[in-house]
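The values are calculated or read from the model by the stated rules, or taken from the named source; none is laboratory data. Given the structure is predicted, the values throughout are model-derived calculations rather than measurements. Methodologically, a virtual Cβ is constructed for each residue, glycine included, from the backbone with ideal geometry; neighbour enumeration extends over all protein chains shown. For accessibility, only protein heavy atoms count, side chains too; no ligands or nucleic acids. Shrake-Rupley method; radii C 1.70, N 1.55, O 1.52, S 1.80 Å.
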Amino acid sequence: MSALSLGIDTSNYTTSVALVDENENMIYNKGILLEVKSGEKGLRQSDALFQHVHHLPLLLQDLPRGREIEVICYSERPRPLLDSYMPVFRSGESLARSLAGVLGVERLAVSHQENHIRAAIYGSGSPELAATFAAVHFSGGTSEILLVKKKTIGFDCEIVAQTRDLNAGQLVDRVGVLMGCAFPAGKALEALANRVDPDSIDSKLIISTTMDGVDFHFSGQENQAQRLLEAGTDQAVVAFLVLKSIAKTLSKAISGLLKKYSFQSVLFSGGVMSNLIIKKIVEHELSPAGLNLYFSPGEYSRDNAAGNALMGMDYYKSMRCGR
């Protein structure tokens, strides 16, 4: 019977558990969104950690029985850097270390960012990416473009462009909350934006992008969106313009990076990149560059533990080959 790898991820917004077999069949992949009080724009780390402690047993009790787990892989930090730290990941780490000790199986610590990259590769059809490629990670907690180099297990990631203030997901959530949407507001904002025909929007209505070389700013877009709403602009139009501004910003950054780095493929991950409106605009903007663009469906773009389960299986296979 095929061995199994258990993945655990405890980000600032979702508790996630996944299980994968040696053939990369996703046996189990579930998450529970953390609760944020109405009107609030985020969670304190202590509140998020408490919810993870409550959610993890609920997710584990639904795991399929009768199969043997050989390795447990978990996120211990936001990025694959020694000084990268966020308290919220301690909940997943504590459980993974305890389970591995009780079961007598291997454990592997990786970063949340590597988890996103590995899940996005899987979700986009496991493309044969070159040894070096660009990866976009746009979420509520991160807005970075990375130059990624494959390792045997995991990835080396160099930040080559990043936000200078708000993250893209924060922009979406803050504007959504202004419109009365529940937090997180990504799905609600996309639903609003889909109500409007882009060609019918007055060409004078625009939310402009702000670049600093290949880096970018999103706080200005929040202010512009707020002014449009105060002026009585239809919420659906503002929602579309916000998403368009994110896509335009991202496309400008990638175009600028092509002048500095040699890559032919771009992999997109993070909850913001599951937005189909952003995807369509990015594809249109970057089509002249002839890049290979890889997008994942929402379940592998948003926070999940699939990437950790897959990296755990990569690790298990490498150990077995080395025996």
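Test of understanding: among Val110, Val88, which residue is within 17 Å of the chain's Cα centre (by Cα), part of a strand (DSSP E or B), β-branched (Val, Ile, Thr) and surrounded by 22 or more Cβ atoms within 10 Å (Cβ to Cβ)?
After applying the criteria, what remains is Val110.
Please count how many residues of the stretch 228-251 are open to solvent by 10 Å² or more (accessible area, probe 1.4 Å) and either touching an Asp or Glu at 6+ places or on another chain (Cβ under 8 Å) or acidic (Asp, Glu) (or both).
3
Across the stretch 14-32, which residue is nearest to Ala182 (Cα to Cα) among those that are within 21 Å of the chain's Cα centre (by Cα) and of a type in the set (D, E, K, R)?
Ranking the candidates gives Lys30 first.
Cβ contacts < 6 Å: first residue more than 13 Å from Val272 (Cβ to Cβ), restricted to the stretch 173-191; second residue among the small types (Gly, Ala, Ser), any location; separation 6+ or different chain. Result?
Cys181/Ala188; Ala188/Gly176
So, of the residues in the stretch 199-227 that are in contact with a strand residue (DSSP E or B) (Cβ under 9 Å, 6 or more places away or on another chain), modelled with pLDDT of 95 or more and assigned to a loop (DSSP other than H, G, I, E, B), which turns out to be nearest to Ala161 (Cα to Cα)?
Val214
With of a type in the set (A, V, I, L, M, F, W, C), surrounded by fewer than 20 Cβ atoms within 10 Å (Cβ to Cβ) and touching a Phe, Trp or Tyr at 6+ places or on another chain (Cβ under 7 Å) as the only criterion, which of Val214, Val196, Val148 stands out?
Among Val214, Val196, Val148, only Val196 is of a type in the set (A, V, I, L, M, F, W, C), surrounded by fewer than 20 Cβ atoms within 10 Å (Cβ to Cβ) and touching a Phe, Trp or Tyr at 6+ places or on another chain (Cβ under 7 Å).
Going by the conditions given, is Arg67 surrounded by fewer than 20 Cβ atoms within 10 Å (Cβ to Cβ), part of a loop (DSSP other than H, G, I, E, B), in contact (Cβ under 8 Å) with a residue 12 or more places away in the chain and in contact with a Cys (Cβ under 8 Å, 6 or more places away or on another chain)?
Spelling it out, it is not the case that Arg67 is surrounded by fewer than 20 Cβ atoms within 10 Å (Cβ to Cβ), part of a loop (DSSP other than H, G, I, E, B), in contact (Cβ under 8 Å) with a residue 12 or more places away in the chain and in contact with a Cys (Cβ under 8 Å, 6 or more places away or on another chain).
Only one of Val177, Val196 is of a type in the set (Val, Ile, Thr) and in a helix (DSSP H, G or I). Can you tell me which?
Val177
Please name all residue pairs, on different chains or six or more residues apart, with Cβ atoms under 6 Å, provided the first residue is in the stretch 155-169 and is over 17 Å from Arg118 (Cβ atoms) and the second residue is open to solvent by 60 Å² or more (accessible area, probe 1.4 Å).
Sorted first by the residue in the stretch 155-169, then by its partner, the pairs are Arg164/Asp212.
For residues in the stretch 151-175 being under 17 Å from Ala247 (Cα atoms) and polar (S, T, N, Q), which is surrounded by the fewest Cβ atoms within 10 Å (Cβ to Cβ)?
Here the answer is Gln162.
Residues of the stretch 304-323 being surrounded by 22 or more Cβ atoms within 10 Å (Cβ to Cβ), among the aliphatic types (A, V, I, L, M) and part of a helix (DSSP H, G or I), which ones?
Matches in the stretch 304-323: Ala306, Ala309, Leu310, Met311, Met313.
Ser296 - would you say it is in contact (Cβ under 8 Å) with a residue 24 or more places away in the chain and either crowded, with 23+ Cβ neighbours inside 10 Å or more than 30 Å from Asp199 (Cβ to Cβ) (or both)?
So Ser296 passes the test.
Specify the residue that is farthest from Tyr316 (Cα to Cα); the eligible residues are those in the stretch 113-132 that are aliphatic (A, V, I, L, M) and open to solvent by 20 Å² or more (accessible area, probe 1.4 Å).
Among them, the one singled out is Ala130.
When you scan the stretch 75-112, how many residues do you find that are more than 21 Å from Leu146 (Cβ to Cβ) and of a type in the set (Ser, Thr, Tyr)?
Summing the residues that are more than 21 Å from Leu146 (Cβ to Cβ) and of a type in the set (Ser, Thr, Tyr) in the stretch 75-112 gives 3.
Within the stretch 7-41, work out how many residues are open to solvent by 10 Å² or more (accessible area, probe 1.4 Å) and either among the β-branched types (Val, Ile, Thr) or at positive phi (or both).
6
For the stretch 30-46, does any single residue satisfy the condition of being under 29 Å from Glu106 (Cβ atoms) and hydroxyl-bearing (Ser, Thr, Tyr)?
no
Please verify whether Glu35 is under 27 Å from Gly140 (Cα atoms), over 15 Å from the mean Cα position of the chain (by Cα) and assigned to a loop (DSSP other than H, G, I, E, B), treating the condition exactly as stated.
Spelling it out, Glu35 is indeed under 27 Å from Gly140 (Cα atoms), over 15 Å from the mean Cα position of the chain (by Cα) and assigned to a loop (DSSP other than H, G, I, E, B).
Is it true that Glu285 is of a type in the set (D, E, K, R), assigned to a helix (DSSP H, G or I) and at pLDDT below 95?
no
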